[in-house]
Amino acid sequence: MRSSWLVAPARLLGVATLVAAGRLGAQLPAAEDAFRRGDRAAARAGFEQVLAGDSLNVTALYRLAVLDGWDGQFSRSLERFARARRLDPSDEDIMVSEAAVLGWAGKVAACNALYDSVIARSPDRADALAGQARAVAWGGDLGRAERLWRAALDKHPDDAELLVGLAQTLYWRGRPGLAAPYAARARHLAPADSTAVKLDRDAHAALRPTFETATDGGGDSENNDGWSEEATYTAPLGADWHAALTGLWHRATLGATAGASYGADASVSAPLGQSTVLRAGLGGRQLNPSPGPVATLPTGELGVDVRLAHDGNASVEYAHAPFDETALLIARGLVTDGVDLSLEYSPSPSWSVSGTAGGTWLTDGNRRLSGTAAALVRVVHGVQVGPAVQVLSYRTDYDDGYFAPDRFTVVEGRLVGTAQPGGWSLRADAGVGAQQVVSGAAEQGEWHFGLTLSREWGSDNEIGLVAVITNSAAATSTTGLPSEAYRYQSIGLRFRRTL
């Protein structure tokens, strides 16, 4: 017979084990309930507690991997998925979720291979078919993606995710008329799905006339002040063509010198290929300096917009227009011919890159080259940081109407924060760095701060307030070089109404 002093600890150990098992058994359902409710913080805390008590718990590993993916922590997410799959290599739910994170992380080949593996096992699995089509669309092959969505819908005609995917792909291809009925059906089947709701609004708004206005006022520390009004009416022409009529007015002053510029432009846009839109427009502008003669000038534009992938765009544009930013420039009556290329690409939800390059030729013989590059990385939810560079240069340094440096360079670090308080959207953009106003000159400190507050309602309606203050010389087209004490500030009101 064992001694009582040996039996008691054994009994205590058994009781402790049962208590721990009971707590673990209670923690997992509570964490699952928080996950289903969308309470990410509570779900994460619960699953972390489960994992602390049982490092081989597949459910906790799987859910934490999903949460990490939603938060943009792709490396940690994929590490947890790898552990979960080693423990349960045949679980298709884990495979499908891991494939989605691989796609978000830009690992397209591995993403497609995993979806193919699931579909080979279960050819009719809807979420795997949706993931495969989405990965192809994100890769830029919108034609093949459309075929995959349609084939999947043949098997699951009432699947909201498949309907959203097809509608989104058609919308990206510049076919809102074809996208609208699929988006409407998806919203009917899943009224709480925010993607379906937004896509339904966007697709139907693209089929209705839209009225937009922009009002802006600004000035700088060198007494260049200006005020502008712009209004645009856009209407569908059928077959995904759109026509737009824009009227604009601009007034600028510099002391006793003043000038006004006003006119109108008409343009049309049409789909060109599976992910390309062509834009073309003509118009006129009248320059009315005071003092000085009135001049009437033609304007024109020609551009191509290309969707590169699920969150990437490129455009190239030619424009013929007057150089009328300030009162002195309105008096000179200069006209520009410019070509600009822009690129925006976000290979994953956690980071994005953008850039522009352009050349502008003026009727006084001058030429301006310019370029920008920027990258933003998400550090926490709603906050992004990254570097930005801007360079421009003129052929000739004029001092009789506009600021024309042989080279102007800005290098800065940027911070962008976004929030949605009480149904409003708030965006703050701040940057600090250095600028060199002409080659060989001493560097100066550079900073800017911008704030946008907007509110959306109904179907693609929005009103917004935009404010900017900066000491960057890039904000001026004034006579002479800006000093270290230079400041520029502006405020604007935006309004968009779908009719």
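Observations, loosely collected:
- Residues located in segment 164-194, provided they are under 18 Å from the mean Cα position of the chain (by Cα) and either closer than 22 Å to residue 273 by Cα or modelled with pLDDT of 85 or more (or both): 168, 169, 171, 172, 173, 174
- Among the residues of segment 8-17, some residue qualifies, meaning at least one is basic (Lys, Arg), surrounded by fewer than 13 Cβ atoms within 10 Å (Cβ to Cβ) and at pLDDT below 85.
- Test: residue in segment 427-442 that is in contact (Cβ under 8 Å) with a residue 60 or more places away in the chain and not in a strand (DSSP E or B): no
- Some residue of segment 255-262 being surrounded by fewer than 18 Cβ atoms within 10 Å (Cβ to Cβ) and more than 22 Å from residue 297 (Cα to Cα): yes
- Residues of segment 34-54 classified as closer than 19 Å to residue 71 by Cα and either loosely packed, with under 14 Cβ neighbours inside 10 Å or in the same structural domain as residue 381 (by TED's automatic domain parsing) (or both), total: 4
- Pairing residues of segment 354-369 that are more than 13 Å from residue 397 (Cβ to Cβ) with residues that are among the basic types (Lys, Arg) and outside any strand (DSSP E or B), at Cβ distances under 6 Å and at least 6 apart in sequence or on separate chains, gives no pairs at all.
- Condition check for residue 442: among the small types (Gly, Ala, Ser) and either under 30 Å from residue 200 (Cα atoms) or outside the structural domain of residue 218 (by TED's automatic domain parsing) (or both): no
- Filtered residues of segment 180-213 (kept if among the hydrophobic types (A, V, I, L, M, F, W, C), closer than 26 Å to residue 495 by Cα and out of contact with any Ser or Thr (no Cβ under 8 Å at 6 or more places or on another chain)): 180, 183, 184, 196, 197, 199, 203, 206, 207
- Test result for residue 357, at pLDDT 95 or above, among the small types (Gly, Ala, Ser) and buried (at least 18 other Cβ atoms within 10 Å of the Cβ): no
- Residue among 108, 118, 164, 136 that is touching a Gly at 6+ places or on another chain (Cβ under 6 Å), β-branched (Val, Ile, Thr) and either surrounded by fewer than 21 Cβ atoms within 10 Å (Cβ to Cβ) or not assigned by TED's automatic domain parsing to the domain that holds residue 462 (or both): 108
- One residue alone among 231, 243, 235 is out of contact with any Lys or Arg (no Cβ under 8 Å at 6 or more places or on another chain) and without any contact (Cβ under 8 Å) to a residue 24 or more places away in the chain, and that residue is 231.
- Scan of segment 246-291 for residues that are assigned to a strand (DSSP E or B), free of Cβ contacts under 8 Å to residues at least 24 places away in the same chain and farther than 30 Å from residue 221 by Cβ, ordered by number: 247, 264, 266, 280, 282, 284
- If you go through segment 310-337 and pick out every residue that is assigned to a strand (DSSP E or B), in contact (Cβ under 8 Å) with a residue 24 or more places away in the chain and farther than 30 Å from residue 69 by Cβ, you end up with 8.
- Within segment 55-66, not a single residue is closer than 18 Å to residue 378 by Cβ, in contact (Cβ under 8 Å) with a residue 12 or more places away in the chain and not in a helix (DSSP H, G or I).
The values are calculated or read from the model by the stated rules, or taken from the named source; none is laboratory data. Source: prediction; values computed, not measured. In this analysis, Cβ positions are derived from the backbone assuming ideal geometry, glycine residues included, and neighbour counts consider all displayed protein chains.
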